[in-house]
Amino acid sequence: MNTIQYLEDQAARAERLAKRITDTLTIERLLSFAGERRREIELIAGSPRRA
């Protein structure tokens with residue numbers, strides 16, 4: 001698994017988990033984490049990706 005695949009997997013897992021829980025603070029942190037991973041993917045790939 002390369003770095004981009006790993007980051008995409010981490011972002012997707014965080015987003016899936018955020019949909020299944022009810023704690024607002026945890027949801028915000030998970031979505032923030034996912035956003036950070038997606039921004040990191042953009043930097044590595046060299047171009048913005050849209051999901």
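The values are calculated or read from the model by the stated rules, or taken from the named source; none is laboratory data. Here the structure is a predicted model, which means the values were calculated and not measured. Reconstructed Cβ throughout: ideal geometry from the backbone, glycine too, with neighbour counts over all protein chains shown.
Here are the numbers for this structure:
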| read-out | value |
| --- | --- |
| Answer from THR26, THR22 - the residue that is in a helix (DSSP H, G or I) and hydroxyl-bearing (Ser, Thr, Tyr) | THR26 |
| Residue in region 6-14 that is among the basic types (Lys, Arg), free of Cβ contacts under 8 Å to residues at least 40 places away in the same chain and surrounded by fewer than 14 Cβ atoms within 10 Å (Cβ to Cβ) present | no |
| Residues of region 23-51 that turn out to be under 19 Å from ASN2 (Cβ atoms), modelled with pLDDT under 95 and basic (Lys, Arg), as a count | 1 |
